[in-house]
Each structure stands twice: as C-alpha cells, then as structure tokens.
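Let me begin by presenting the structure, written as structure tokens, before commenting on it.
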Amino acid sequence: MASIKFYIILHLLLAITCAFAHDLIDIDCQCKDGKLINCDGDRGAIDQSKAGAAEGGGGGGAGDKGKDTGGNDADKGKDGGKGSGGDDAGGDKGKDGGKGSGGNDAGGDKGKDGGNDAAGDKGKDGGKDAAGDKGKDGGKDAAGDKGKDGGGDAAGDKGKDGGKGKDGGKDAGGKGKPTGPTGPVGPPANAPWYDPPLYGQKPLDTDYKGEWIIHNPNVGVNAMQFQLMPNNKAVWFDTTNLGPSTRELGPKGNCPTNPDNNNEPDCFAHAVQYDVETGEVVSVYVKTDPWCSSGHLLPTGDLISTGGNRMGDRSVRLFSLKDPEPKFVEREQALSAARWYASNAVMEDGSALIVGGRDSYSYDIMPPQFDFKPTKIDFPFLQQTTEPAVGAGQHVENNLYPFLFFLPDGNMFIFANDRAISFNPKTGATVKEYPPLEGGSRNYPPSGQSALFPLRLSPDNSKPVPVEVVVCGGNKRDAFPNVDAKYTQNRVFSPALADCNRLKVLADKPAWEKEQDMPSPRTMGDLLVLPNGQFLLINGAKKGTSGWEDGEDPNLTPTVYMPENEMGKRFKELKPTTIPRMYHSSSSVLPDGKILVVGSNAHQFYTFDGPFPTELRAEKFSPHYLDPKLDEKRPVIKEDGTDKVLKYGKPFKVTFTTKSNNNLGYGDVLVTLLYPPFTTHGFSQNQRLLITGVDKIDKNVITAVAPPSGKIAPPGYYLLFVNHLNIPSRGMWVHID
C-alpha cells in the first residue's frame, strides 16, 4: 500500500514539475508521464545541450557533460532545481542544460532567473561562462570574475532581458535568430570589445612561435612610407633629396631632373611597387619629395600621398590602380600648409583630415577626389602639445605624427605627446578632453605605438559600439634632445617605455587604465591589428628615439598582444628575427595572414657599413595562428559564394569550408573586416578592424550584416576574414559603400 501511495505521489510531483517547466521556459510541448514531449523548434535547446549547445553560442552553459554549471544557482535557492538550471543546467549529465543555462535562463524569459541562473552569484552579469568554459564552475564563471561584466549579457546586462529575453531557448537550440554576437545575447554598452566572449567555446591556442623567411634579398628602395593596395601590391617610398637609392629608375638613361636637388638629373628610384605574392619589384617615379609624408586610400582604392619636405611639403600625389604604368601623378601646392610629419584619417564620406606637420598648427580637409580645394581648420591643440625647441632650428616637439582615429560618433580622436582630445572634424572644436597620460611622450620622436581596438558590431547594428584606444611604449620627454647629435655632445640612449595604457574613448568619465606591461620596452615599433582581433608588436628599438642614429638595442622579438586574456597572460613573445628594423622601417598584415616586414635606415643616406646598415631585404613573418598543426581547422573562403560588394546595413553572404569538412555554427566563427593602413614612423594611419554582426550560419554559409554607415566603416576596400576560434582564413578583398 505504501508503495502505491509513493507511486501516485511521485507521478503527481512529476506532472507538477513538467507543467512548471512548460510555463517557465515557454515552449510548445506536451506533458506525458512527467516528461516534455512533442516540443516545437525550441526542443533544439534541449537536445543541443548534449553537444554543448554549440550553435547557440551561449548554449555551452549546458557545458561539456554539464559539469557544475548550476552550482551557484542551487545555492541561491531560487529556482535552483531542475526548472531553472540549478541541476539541469549542469547536473544530470547536461540534460535540459541547453534550457537551463544556454536557453531561457541565460538571460531569456524576460530576465526571469537570468540573473540567478546564468550568473549564479548575486545574479549579476552572468553569461560569460553561462556558455561555460566546458560548463565548469558555472557558479563562479557564469558570473564572470566575481560577477563583474562576465559577458554581462548572458544574464542580460544585470539580469535584464538577456537581449530582451527573446528566443533564449531558440538561440541555444540553433533555430532561432541570435540576438548578440556570441549567442543569444549581446554586449552591454559599456563592455570592452572582447566581453562577452568572441566565441561560444574556448579559442584554440598554440605553442607555435612563428617563422621568418627572406622574401626578396634586395628591394632597392627603403620603405619609409608603406601602403598595401587592393590588388595585392604594396607601394612604398622614401625621399628624393637625400641622395640615390640602390635601384635605377629605368629604363637605362631615364634620369629626370630632381627639383629638390637643383634640378640635377636623377637616375634612381625613390618609390617601388612590390608584388606581395611573388616579390617582384617595379620602379615608380615620384617627382616632389615625399620624405616623412602621410597618406590614405580613396574609396576607389587609389593611394593618396600628402605632404613631405621642400618642394613636396604641400604636394598631393595620386597612385592609381587603373594606371597601367605604376607612377605618381602630382599636384604641387595643393595643400593649405606644409604637412611634414602629419597624420591622415579617412572619414565617413571618404574625405580625409590631414593633421599637423612641423610648425603647422592646423589641418586640411581633403574630399575623396584628387582635384580639390582644401579646407583649412586652425587647431591650437597641436601648438599646446608641442615641446618647445631648445635652440634656433632645434625642434623637439614630441607630438608629430599624432595618433588619429575616426570615431563612430562622427568625431575625431587625437593623441599628441601625452594628451588627447576628441574634436569635431568640421570645425576643430573640442568635444571631450581626456586626462594626460603620465610617464613620457608617445609620439614622434619618442615614437610609441597606438591602435584602435576592434569595433564589435551587433547582428542588427542596434547596440552601441564600444570604442577603446591603446597606447604603448615611447620614451621620456627629454629622450630626444639627450640623444640627438644636433642637441648634445654627450649622447644618452634612454631606455624606451614598456607600459601600455587603455582608454574607453566614449565613456562618460574616461580615464586611462594601466595595461599589463609589454615583455620588453619598445620605441619606433609597429602595432598591427591582426585578422583575429589580436595585435602584433613588431620592429623598433629598446633604447633611444626616432632620428638619424638615435636608436640602439634593436627589439628583434615580435610580441602578440591578447587583451581578451586575463591580466598577466596578455603578451606572448614569438620567434625573433635576426635583422634589426628600427628607424624608417614598416610592416603590414597581408591577405594570407603573414606579415611583410621591410625597411630600416637610421642614416641620412643609404649606408651599408657601420652599425645598423640600411636594410633592403624584405622578410615575411608567419605569426602564431599560422601553425601548420591548425590547418585542418582553418576556414577557406569560397569567393564564388561570397559577396564582394557590401552595402551599409545590408546582409551579405560569406561561404567557407574547412579541410576537416566540419559544419561550423553560430559561436564557432567570426567575420572580420580589416582596413589596410598607411604605415610610417611607427603609426599605422587608418588601421581599423571590424567584427561584423552575424545573423545566422547554415551549412558553412554565413549571413552577416554590413556595418551601418561610414562612421563605423569609411567607404573603400577591406580585407574580409573568417576566423574559427582565433584561426583566420586567407583574406578576400571586398568593397564597402
């Protein structure tokens, strides 16, 4: 009799539990024998839990066998049992775990239990590991580092709606429309670009340190200024007024007069076009001196070179992709002021600011065409940040080649010396002033490195885009006059700075945040944004500054910077080169993900004896993500199934395969768009990486959404990459307009 009563009570409890679960997770199912059956599409959220709910990105909260993901939910006592994901999200071998942590509880169901269930600990900002790092420690990790912004939105930005709570279960099941870049939810407005996680599972890592090869043993012209073009050719140039290079202009006897050298005949090339695949070099004619000039790409993909020295200080030069004969067409005196050591930034309509230059406290606005009348804007900030000269003609400055970034709000960010502001590019009026960055000077000639963090977009482009700038290295304020022979007889090579500092540019009360120090100090180096959203520090010196013979102790070790990692694990040193690349060197990310490294001339003329001779070898470096052991997992873009023209705010298709023939789903891949920068003197002008919103993935066909406007992505050519767990594909050129 007792057993019969127990059986009846048990079935009543199962029926109540089933009904409760049916209402809680809001899916269309029937209850039979205390179980949910005949569910609609949301059933995928349950079934997917056994596979880590991979397609939903957030479904990993079901975990790998659901270990411990519901620990803290049960501790809270609120729906911590089977219904809300206490046991089910992690216990019972992951059954219903897709529902518990990756489905509605990860932030869905209008925020019910999203606070407690996904975040566990006090319900704050769960979700970073509601997808779970293999489902372990869901109580602690789902809250994400003591409950602070741990993906912030798996619980739905402090428990609110989890991306409005819509389709929470559907997303984890892979049949619903994702509401955020990494699963059913998106980042809160104040989150850095890497939070919540970029992927639904832990990215792949490697011990591979990279590989160096000599791509061309003698390119003939130093790469003082460098631009990768959308036809897989690179264009670089140095100067016309400091003597011959080692490459003839050709053909034999072609010796045009040089206006910067008393109109004497000049038979030598000062610019080249370089095929980044074959290493073929073609001489390019340039008339007016582009020494220490700046540049950018037009929306057409044509190169604009601006300013320089002597006859070239107000020149604008056009290098056209359509010209069958590679050459610069020039307009002299086209700019409103001398632009020597200036920086350029492209804006939303393809216009560009050309900012500063020695003794030029103003900027030009250049429209997106070669023939134009410049608009000059006075800009006192440049004079305010200029270090005073120490004698007649003895400039110190410390603010040349200012770091310049176009912001998603339509304003411009500028960092010069140790100060930064944002300003209205049409008027020059200051919009926001930032605190000074202590420790030294960061621009030329102390020459630190700076970059804009990847701009991470939501699938419908509706969420605010977090914007963050990092500044690394440089040197003391007096480092240049203490080492340069024009200023002192007792030269002191000051150790470069090793610090990095970050700034959330659009925050209400922005403040510099101390980043982990670099493994070694660096001045004159490049800071390149990689296709997978990480960074590479390469080239430069450990002591001294920019300037002729003003640096020593070359920094030979490329270093990957991974800001998504925890503090203390954000830098990894890779394989060193044997070739010093210091003053007047350049580097660039190539379509195949390798790095082309060229140039280095610390001397007034081409010099091949003594310390640090002029370097004319071109190298290629294969970074960590090109580990041959990762090739099976590396995506390959199918160009015939991928859109080549992207329209602002519109969906576009990307088709890819892998050697392993795996079908990858939502949370497994990212689509990134890299704008090719103009690199000179340690600053990559216009460098910009976008992480696009992904709408869905079906049989390795990605439906992504183009950036909403030119404020996010200025019009022009970009390299598109598909990244699988930090492993990038080969890039493909696309055009955004």
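The values are calculated or read from the model by the stated rules, or taken from the named source; none is laboratory data. Worth saying up front: this structure is predicted, and the values here are computed from it rather than measured. In this analysis, Cβ positions are derived from the backbone assuming ideal geometry, glycine residues included, and neighbour counts consider all displayed protein chains. Ligands, DNA and RNA are stripped out before the accessible areas are found, and what is left, the full protein with its side chains, is counted by its heavy atoms. Shrake-Rupley method; radii C 1.70, N 1.55, O 1.52, S 1.80 Å.
For S462, all conditions in the list (1) modelled with pLDDT of 95 or more; (2) surrounded by fewer than 18 Cβ atoms within 10 Å (Cβ to Cβ) hold save one; what is the number of the exception?
In the conditions (1) modelled with pLDDT of 95 or more; (2) surrounded by fewer than 18 Cβ atoms within 10 Å (Cβ to Cβ), S462 misses (1) alone.
Working only within segment 440-452, note down all residues that are crowded, with 24+ Cβ neighbours inside 10 Å and in a loop (DSSP other than H, G, I, E, B).
Residues satisfying the conditions are R442, N443, P445, P446, S447, G448.
Kindly indicate which of G710, G667, G716, G682 is in contact with a Phe, Trp or Tyr (Cβ under 9 Å, 6 or more places away or on another chain) and over 26 Å from P464 (Cβ atoms).
G682
Mind checking which residues of segment 679-693 are open to solvent by less than 10 Å² (accessible area, probe 1.4 Å) and over 17 Å from M524 (Cβ atoms)?
Passing the criteria: L689, L690, I691, T692, G693.
What pairs come out if I take residues in segment 202-215 that are under 25 Å from R581 (Cβ atoms) and pair them with residues that are open to solvent by 80 Å² or more (accessible area, probe 1.4 Å) and at pLDDT 95 or above whose C-beta lies under 6 Å away, six or more apart or interchain?
I214/R617
Keeping to segment 358-375, report how many residues are part of a strand (DSSP E or B) and surrounded by 15 or more Cβ atoms within 10 Å (Cβ to Cβ). Talk me through it step by step, then tell me what you get.
Pass one, segment 358-375, residues part of a strand (DSSP E or B): 362-366, 375.
Cutting the leftovers down to surrounded by 15 or more Cβ atoms within 10 Å (Cβ to Cβ) gives us 362-366.
Final tally of qualifying residues: 5.
With the requirement that a residue be among the aliphatic types (A, V, I, L, M) and either under 30 Å from L596 (Cβ atoms) or out of contact with any Ser or Thr (no Cβ under 9 Å at 6 or more places or on another chain) (or both), what does segment 506-525 give you?
A507, A511, M518, M524, listed by residue number.
Could you look through segment 612-664, keep only residues that are touching a residue at least 40 places away in the same chain (Cβ under 8 Å), within 30 Å of D550 (Cβ to Cβ) and assigned to a loop (DSSP other than H, G, I, E, B), and pick out the one that is most open to solvent (accessible area, probe 1.4 Å)?
Result: R617.
Output the residues belonging to segment 383-412 that are open to solvent by less than 10 Å² (accessible area, probe 1.4 Å) and assigned to a helix (DSSP H, G or I).
Those that are open to solvent by less than 10 Å² (accessible area, probe 1.4 Å) and assigned to a helix (DSSP H, G or I): none in segment 383-412.
Quick check: anything in segment 315-329 basic (K, R) and crowded, with 24+ Cβ neighbours inside 10 Å?
yes
For G667, all conditions in the list (1) in a strand (DSSP E or B); (2) in contact (Cβ under 8 Å) with a residue 60 or more places away in the chain hold save one; what is the number of the exception?
(1)
Please state which one of F480, F493 is open to solvent by 10 Å² or more (accessible area, probe 1.4 Å), over 22 Å from V465 (Cα atoms) and touching a Ser or Thr at 6+ places or on another chain (Cβ under 6 Å).
Of F480, F493, the one residue that is open to solvent by 10 Å² or more (accessible area, probe 1.4 Å), over 22 Å from V465 (Cα atoms) and touching a Ser or Thr at 6+ places or on another chain (Cβ under 6 Å) is F480.
Going through segment 718-737 one residue at a time, which ones are surrounded by fewer than 21 Cβ atoms within 10 Å (Cβ to Cβ) and of a type outside the set (A, V, I, L, M)?
R730, W733, H735, D737
How about segment 199-288: which strands (runs of 3 or more DSSP E) wholly inside it have at least 3 residues that are open to solvent by less than 20 Å² (accessible area, probe 1.4 Å)?
Those strands (runs of 3 or more DSSP E) span 225-228, 233-237, 271-275.
Return the only residue of G610, G593 being within 24 Å of G525 (Cα to Cα) and either among the β-branched types (V, I, T) or in contact with a helix residue (DSSP H, G or I) (Cβ under 9 Å, 6 or more places away or on another chain) (or both).
Selected residue: G593, the only one of G610, G593 that is within 24 Å of G525 (Cα to Cα) and either among the β-branched types (V, I, T) or in contact with a helix residue (DSSP H, G or I) (Cβ under 9 Å, 6 or more places away or on another chain) (or both).
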